[in-house]
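Undergrad: Below is one structure. I have some questions about it.
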Amino acid sequence: IVAKNKKGFALQHRAAICVDVESMCPLSWRQKVFNSFDFDKPCPFDQADEGPSGGMQVFEPASVRNSPFYVPDRIIRYTGEASPMDPWDDPDEDGEQFEEVQDDLEQDL
């Protein structure tokens, strides 16, 4: 069992060490580090799309999409300004697109 989960155990051990070291640091320093992450600022997806706040933005290389393990995002985001007067996309088209992606994934697996 240990051999199968050695990576998980190693990550868990590293996390425990990080928590132990962090607990030795003064609270004022930890608050300063936490506040420097700017979790209250939004993570922009695009110029017109501010995105959610409370996270850290990480850019991934374009080669990730070429991986056989890549799974497309399930959340469909539309760029530009949002207005209640803007027309909605046809849900039938989205359903067909989802079914095509699901069929492709099933074939790959």
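Undergrad: Quick check on this structure: which one of PHE34, PHE45 is under 23 Å from the mean Cα position of the chain (by Cα), part of a helix (DSSP H, G or I) and aromatic (Phe, Trp, Tyr)?
TA: Details: PHE45 fails: part of a helix (DSSP H, G or I).
Just one listed residue meets the conditions, PHE34.
Undergrad: Kindly indicate which of LEU11, LEU27 is open to solvent by 100 Å² or more (accessible area, probe 1.4 Å), of a type in the set (A, V, I, L, M) and either at pLDDT 80 or above or in contact with a helix residue (DSSP H, G or I) (Cβ under 6 Å, 6 or more places away or on another chain) (or both). Explain how you work it out, then say what you get.
TA: Values: LEU11 fails: open to solvent by 100 Å² or more (accessible area, probe 1.4 Å).
Criteria check complete, one pass: LEU27.
Undergrad: Continuing with this model, one more query. Checking GLU100 against (1) open to solvent by 80 Å² or more (accessible area, probe 1.4 Å); (2) modelled with pLDDT of 80 or more, only one condition comes out false. Which one?
TA: (2)
Undergrad: Across segment 54-72, what is the total count of residues that are without any contact (Cβ under 8 Å) to a residue 12 or more places away in the chain and either surrounded by 10 or more Cβ atoms within 10 Å (Cβ to Cβ) or part of a loop (DSSP other than H, G, I, E, B) (or both)? Before the answer, list the steps.
TA: Of the residues in segment 54-72, the ones without any contact (Cβ under 8 Å) to a residue 12 or more places away in the chain are 58-67, 69-70.
Going one step further and asking which of them are either surrounded by 10 or more Cβ atoms within 10 Å (Cβ to Cβ) or part of a loop (DSSP other than H, G, I, E, B) (or both), we end up with 58-61, 67, 69-70.
Summing the residues that are without any contact (Cβ under 8 Å) to a residue 12 or more places away in the chain and either surrounded by 10 or more Cβ atoms within 10 Å (Cβ to Cβ) or part of a loop (DSSP other than H, G, I, E, B) (or both) in segment 54-72 gives 7.
Undergrad: Scan (1) assigned to a helix (DSSP H, G or I); (2) on the phi > 0 side of the Ramachandran plot for the single condition GLY8 breaks and write down its number.
TA: Of (1) assigned to a helix (DSSP H, G or I); (2) on the phi > 0 side of the Ramachandran plot, only one is false for GLY8: (2).
Undergrad: What residue, among those in segment 31-61 that are modelled with pLDDT of 80 or more and among the small types (Gly, Ala, Ser), is farthest from GLN102 (Cα to Cα)?
TA: Within segment 31-61, the match that is farthest from GLN102 (Cα to Cα) is SER36.
The values are calculated or read from the model by the stated rules, or taken from the named source; none is laboratory data. Just so it is clear, the model here is predicted, and its values are computed rather than measured. In this analysis, Cβ positions are derived from the backbone assuming ideal geometry, glycine residues included, and neighbour counts consider all displayed protein chains. Heads up: the accessible areas ignore ligands, DNA and RNA and are worked out on the full protein's heavy atoms, side chains in. Shrake-Rupley method; radii C 1.70, N 1.55, O 1.52, S 1.80 Å.
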